[in-house]
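All remarks here apply to the structure that follows.
The values are calculated or read from the model by the stated rules, or taken from the named source; none is laboratory data. Predicted, not measured: the structure shown is a model, and the values here were computed from it. Note that we place each Cβ from the backbone using ideal geometry, even for glycine, and neighbour counts take in every protein chain shown.
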Ligand code: URP
Ligand code: ZN
Ligand code: ZN
C-alpha cells in the first residue's frame, strides 16, 4: 500500500542548510516525510535533478492599480504563469494607497483581483499619505486581517514620504506589530539633479542613472535606518544596488539593529551601460535604484556571502516596451524623467541567481535556497513556506542543474513584451514546479487552475518584534 499521495523520488534535496539524496513523501499538500524508499500513489522521478524549495518572491508588482484607473499589464493570470514557469510558488505583491485616499477599499480590490492567482500570495501595503485615519485606524485593521508589512518610498513624486510622515508610519507599524520595507533614494536630490540634467539637454534614458548616483541611495538608506532606530522599528531595505548601501545595513546590524537588506537579479546582471543603447532601447533597463557597474555586481556577491543581503527578490515591475501604456506612455522620445521605472523578472529570478551564483561557484546550494525561499519566508512571516521539511507546504521545484538556456522573452511567459535578459545564457532550469503537492508546471506548461492560489494571512512573529532599545527609554510611538 502507498504511504503517501505523492513521492518525489531519487533527487538531490536542497534544504536551507544541507544537500542530500532522498525521496520526499507528500500527503494533503504538505511534506510528510523525507527518507529513502518511500512509496506513493503517484511518483515523480527526480533522478539526476535537484529538488529545491518553491521560490518565494517577496517583492513583485502584479496587477497593481494605477492612479488614472486600470492596472498593470501583468495580471494575476500572466504573473502567476510566469512565476510557476520560473519555479516561484509564493509571492508578496503590493496594495497601493493614492495620496488623499484610504487603504481599506484598495486592499479589498486587490483581494478581489488576486482571486485568479495560481501562486499563493500576500500583500505589502504601500503608504503614500500618513493621514490620521490611515495611521491610527486603518493600519491596525489591515494588520489584523493578516497584511503585516508596509512599504514606504522616500522618493517618487506620487509616492514619497517626508521624514515626519515616515516616522509616523514606523510608529504605526510598531504599535500594530507590522514590518516596514523602504525604498531608499533621496527625493530632493534626484529632483535637483534631474532639473539640471534636463536643463543641460541630457534627456536620453542613460541619464536616469546620472540622476540618482549611489550616494543618493546611500544617504536615504542611512536616514531610513537612523529614523527606524529612533522609533525602534525593524525594517528591510528594498532593492539594494551596491555595496556602499549594504555597508549601511552591515553597520546597523553591527549595532544590534533589526535591519535587513534585499537585492535583485538586475543588480548582478545589468549595468548603467545597458541604458546607453541607441534610441529609446535603454528604457528597457531603467529601474530604481539604477543598475551600477560590473565591479558593483561582484561586490554585491561579497555582501550576499557575508549575509548582509539575505533576500533576492525580483522587484518585477513590468512595463511593455511597445504600445502606449508602458515605457512609451509619454512617447517614444520621452525624456528619462517621464519613462516609467521598473524591469520584469518573475520567471528569470531563479535561473539567473542559480546560474550567476551556484553554477559560477559564488554561492553554495543551501545559500541559494535561503536567498530565494527560506529567508524571505521567515522574514515576512509566511508560515509553512520556504523550506523542505516535514510539516511545510509541499512547494517544490525539480531543477535541472546542467541545462543551458539562452533566455528569450518567450521563456518568461509574461504579459510584458520584453525581458532585459534577452540573449543571456543561463545554466540550470526549472523542469517541474509543485505547489502544495500538485504539479503546477511541467516542462514550461502551466497546469494549475486560475484561482487555485491562496491568500497567506500573516500573524505576529518574533523576528520583527522591536529590540526594546529606545532613546531615553521613551516610547514615542505610544503618543505620535
Ligand atoms: O524601478 C523600480 N524598482 N520600480 C518598481 C517600483 C519600486 O520602486 O519598487
Ligand atoms: Zn522600490
Ligand atoms: Zn518594487
> Quick check: is even one residue across the stretch 464-477 in a helix (DSSP H, G or I) and under 26 Å from residue 90 (Cα atoms)?
Replying inline: yes
>> Based on this model, can you work out whether residue 294 counts as surrounded by fewer than 17 Cβ atoms within 10 Å (Cβ to Cβ), at pLDDT 95 or above and more than 16 Å from ligand 1 (Cβ to nearest atom)?
In response: yes
>> So if I check each of 459, 473, 453, which one is more than 30 Å from residue 256 (Cβ to Cβ) and modelled with pLDDT of 95 or more?
In response: 453
> Residues of the stretch 62-72 being touching a strand residue (DSSP E or B) at 6+ places or on another chain (Cβ under 6 Å) and part of a loop (DSSP other than H, G, I, E, B), which ones?
Replying inline: 62, 63, 64
>> Please count how many residues of the stretch 160-197 are in contact with a strand residue (DSSP E or B) (Cβ under 7 Å, 6 or more places away or on another chain) and touching a residue at least 40 places away in the same chain (Cβ under 8 Å).
In response: 11
> If we scan the stretch 152-162, do we find a residue that is farther than 20 Å from residue 65 by Cβ and away from ligand 1 (no atom under 15 Å from the Cβ)?
Replying inline: yes
>> From the list 285, 238, 268, exactly one residue is within 16 Å of ligand 1 (Cβ to nearest atom) and over 29 Å from residue 330 (Cβ atoms). Which is it?
In response: 268
>> Filter the stretch 26-65 down to the residues that are in contact with a helix residue (DSSP H, G or I) (Cβ under 8 Å, 6 or more places away or on another chain) and within 16 Å of ligand 3 (Cβ to nearest atom) and list them by number.
In response: 56, 57, 58, 60, 62, 63, 65
>> Checking the structure you have, find out if any residue of the stretch 123-130 is farther than 23 Å from residue 377 by Cβ and away from ligand 3 (no atom under 16 Å from the Cβ).
In response: yes
> Do the conditions hold for residue 109, that is, is it within 16 Å of ligand 1 (Cβ to nearest atom) and either assigned to a strand (DSSP E or B) or in contact (Cβ under 8 Å) with a residue 40 or more places away in the chain (or both)?
Replying inline: no
> How about the stretch 289-393: which helices (runs of 4 or more DSSP H) wholly inside it have at least 3 residues that are under 26 Å from residue 412 (Cα atoms) and in contact with a strand residue (DSSP E or B) (Cβ under 8 Å, 6 or more places away or on another chain)?
Replying inline: 349-353, 365-369, 375-379
>> Can you go through 359, 334 and tell me which one is surrounded by fewer than 22 Cβ atoms within 10 Å (Cβ to Cβ), touching a residue at least 60 places away in the same chain (Cβ under 8 Å) and either over 23 Å from residue 76 (Cα atoms) or touching a helix residue (DSSP H, G or I) at 6+ places or on another chain (Cβ under 7 Å) (or both)?
In response: 359
>> From the list 352, 372, 312, exactly one residue is under 15 Å from the mean Cα position of the chain (by Cα), within 15 Å of ligand 1 (Cβ to nearest atom) and crowded, with 24+ Cβ neighbours inside 10 Å. Which is it?
In response: 312
> Looking at the stretch 339-347, is at least one residue over 17 Å from the mean Cα position of the chain (by Cα) and surrounded by fewer than 17 Cβ atoms within 10 Å (Cβ to Cβ)?
Replying inline: no
> Among the residues of the stretch 247-282 satisfying the criterion of being within 16 Å of ligand 2 (Cβ to nearest atom) and assigned to a helix (DSSP H, G or I), which is surrounded by the fewest Cβ atoms within 10 Å (Cβ to Cβ)?
Replying inline: 267
> Where residues in the stretch 73-95 are assigned to a loop (DSSP other than H, G, I, E, B) and surrounded by fewer than 24 Cβ atoms within 10 Å (Cβ to Cβ), which of them is modelled with the highest pLDDT?
Replying inline: 75
> Across the stretch 394-410, which residue is nearest to residue 327 (Cα to Cα) among those that are outside any strand (DSSP E or B) and in contact with a strand residue (DSSP E or B) (Cβ under 7 Å, 6 or more places away or on another chain)?
Replying inline: 407
>> Given the criteria touching a strand residue (DSSP E or B) at 6+ places or on another chain (Cβ under 9 Å), surrounded by fewer than 22 Cβ atoms within 10 Å (Cβ to Cβ) and either within 29 Å of residue 479 (Cβ to Cβ) or modelled with pLDDT of 95 or more (or both), does residue 111 qualify?
In response: yes
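Condition check ((1) touching a residue at least 60 places away in the same chain (Cβ under 8 Å); (2) more than 19 Å from the chain's Cα centre (by Cα)) across all residues:
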residue	(1), (2)
391	yes, yes
394	yes, yes
398	yes, yes
408	no, yes
414	yes, no
418	yes, yes
426	yes, yes
429	yes, yes
